[in-house]
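Written out below as structure tokens is the structure these notes cover.
The values are calculated or read from the model by the stated rules, or taken from the named source; none is laboratory data. Note that the structure is predicted; figures quoted are calculated from it, not measured. FYI the Cβ positions are ideal-geometry reconstructions off the backbone, even for glycines, and counts take in every protein chain you see. Side chains included, ligands, DNA and RNA excluded: accessible areas come from the protein's heavy atoms. Shrake-Rupley method; radii C 1.70, N 1.55, O 1.52, S 1.80 Å.
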Amino acid sequence: MKVKLLSGVATVAVLAMALTGCGGGSSSGGASGGGASEGGAGAAKTIKVGFAQTGSESGWRAANTKSMKEAFSKEKGFDLVFNAADNDPAAQIAAVRSFISQGVDAIVIAPIVSDGWDDVLKEAQSAKIPVILEDRTVSASEDLYAAWVGDDFKKEGETAGKWAAENLGTADTNMVVLEGTTGSAPANDRAEGFSSAIAGTKIKTVASQTGDFTRDGGKKVMEGFLQKFGADGIDLVFAHNDDMALGAIEAIEAAGAKPGTDIKIVSIDAVKDGMQALADGKINYIVECNPLLGDQAAELVKKVVAGQPVEKTTYAVDGAFDQEAAKAALPTRAY
Ligand code: GYE
């Protein structure tokens with residue numbers, strides 16, 4: 001929501017100095033690499049990282065987890081403690097507390113929801129463990145974490161809304177919205193961006209409900225919408241991610257209507273299954289959200305642990321696809 005573009009350089013030197021000796025093992029001199037655990041004789045020091053992932057709700061998440069595990073591998077100098085919280089905010093906070101008590105060198109969080117992070121982030125700060133956020137943002141003060149890397153969710157929503165406004169905005173259009181997880185940054189920001197882009201058009205939101213970013217959730221919510229309005233009463237679906245759009249496709253087909261034709265669909269992510277549905281004409285437009293954030297997150301962790309300055313905010317670059325672009329991109333799509 002309030003992510004500022006390149007909002008400055010984090011002051012982490014003091015933190016990293018204070019971290020020296022926290023990594024466990026006998027600290028045998030060497031001022032550099034403060035906070036990293038001892039490796040074998042002569043080996044580079046291994047950095048112990050706790051990563052609190054949201055869960056495994058979507059294709060996007062699967063690609064993100066894979067990217068993170070590859071980037072934080074043993075070969076690359078990390079000892080990764082991985083936790084997936086099954087989209088339960090309390091369980092995710094408990095996982096972060098357990099990383100703190102394990103005395104990891106750094107903590108990476110993909111926060112399920114934006115609010116509620118102040119206490120545990122303060123606890124990490126008191127324990128002198130730096131926190132790097134990846135993917136979703138938090139509403140807590142920027143002073144409580146070293147850096148964030150992710151996608152511009154508001155812009156994604158705007159791009160999706162712009163497509164809807166340009167293609168459907170001049171005729172009366174009944175839209176239903178499949179929202180992401182309530183209280184999550186991408187659900188909030190995509191909704192905000194989309195609304196601003198369709199303002200003043202003839203697109204009317206007739207219903208909006210969360211499908212929790214899952215295929216099953218999208219299907220169930222869409223079934224409810226179809227029951228309520230009938231297929232004829234819905235012209236457009238805005239799904240906050242591809243998985244929910246894919247669930248909606250199943251519901252629309254089961255109701256005897258044609259997704260992409262009778263009911264238009266616009267979504268966000270551009271994962272392979274979504275792109276295939278777009279190429280097949282069942283989705284009409286997809287805005288990309290890059291999940292391959294692992295290398296950038298690992299680079300940030302290394303720098304922060306070494307006491308080097310980092311950008312507070314780093315955005316991944318995202319594109320957008322119509323049917324032809326999806327067909328062209330699919331053969332070489334990485335996720
Ligand atoms: O769009 C969705 C996933 O936080 C950007 O989370 C991420 C979102 C992504 O479940 O598919």
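The table below gives the values:
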read-out: Inter-site label distance for Ala328 and Gln102 at 7 Å from Cα along Cβ, in nm; value: 4.5 nm
read-out: Under Karplus coefficients 6.51, -1.76 and 1.60, residue-wise ³J(HN,Hα) of region 283-291 in Hz, glycine/proline x; value: 10, 9, 7, 10, 9, 6, 9, 6, x
read-out: Under 20 Å from Lys312, Cα to Cα: lysines that are on another chain or at least 8 residues apart; value: Lys2, Lys4, Lys122, Lys128, Lys154, Lys155, Lys302, Lys303
read-out: Cα gyration tensor shape of the chain, rounded if a/c is under 1.5, else prolate or oblate by comparing a/b with b/c; value: prolate
read-out: Long pairs among Lys76/Lys220; Lys76/Lys219; Lys66/Lys219, criterion Cα-Cα beyond 32 Å; value: Lys76/Lys220; Lys76/Lys219
read-out: Cα-based shape type of region 34-134, given that a ≥ b ≥ c are square roots of the gyration tensor eigenvalues and the cut on a/c is 1.5; value: oblate
read-out: Quotient of Cα Rg and 2.2 N^0.38 Å for region 108-241, N being how many residues it contains; value: 1.25
read-out: Neighbour net charge for Ala94 - beta-carbon separation under 13 angstrom, K R +1, D E -1; value: -3
read-out: Region 226-284 shape via C-alpha gyration tensor axes, a/c threshold 1.5; value: prolate
read-out: Karplus-derived HN-Hα couplings along region 242-247 (A = 6.51, B = -1.76, C = 1.60, θ = phi - 60°), whole Hz, x at Gly and Pro; value: 4, 4, 5, 5, 5, x
read-out: Summed residue charge, Cβ within 13 Å of Asp212's Cβ, Lys/Arg positive, Asp/Glu negative; value: -2
read-out: Sulfur and carbon atoms: percent of accessible area, region 153-289 [1.4 Å]; value: 44 percent
read-out: Compactness index (Cα Rg / 2.2 N^0.38 Å), region 111-172; value: 1.65
read-out: Inter-part distance where region 181-210 and region 100-125 are each reduced to a Cα centre, Å; value: 29 Å
read-out: Helix-only CD estimate at 222 nm, as mean residue ellipticity for the chain, using -39500 (n - 2.57) per DSSP H run (n ≥ 4); value: -12000 deg cm²/dmol
read-out: Those residues of region 84-126 whose amide nitrogen sits under 15 Å from the label point placed on Thr182, 7 Å along Cα→Cβ; value: 88-90, 113-115
read-out: FRET efficiency for Gln227 and Ser141, using Cβ-Cβ distance with R0 set to 56 Å, rounded to 0.05; value: 0.80
read-out: Neighbour-limited loop hits for trypsin sites (Lys or Arg not before Pro), region 134-207 (at most 14 other Cβ within 10 Å; DSSP other than H, G, I, E, B); value: Lys202
read-out: Interchain or long-range residues, amide H under 5 Å from Asp318's placed H; value: none
read-out: Global size of region 186-318 as Cα Rg and Dmax, reported in angstrom; value: 17.8, 60
read-out: Derived scalar couplings ³J(HN,Hα) [region 201-214; Karplus, 6.51 cos²θ - 1.76 cosθ + 1.60; whole Hz; x for Gly, Pro]; value: 9, 8, 7, 10, 7, 8, 7, 8, 8, 7, x, 6, 6, 10
read-out: Extension gain, Thr261 back to Asp273 (0.36 nm per residue minus Cα-Cα distance, nm); value: 2.5 nm
read-out: Length added when fully stretched, Lys122-Leu292, from 0.36 nm per residue minus Cα-Cα; value: 58.4 nm
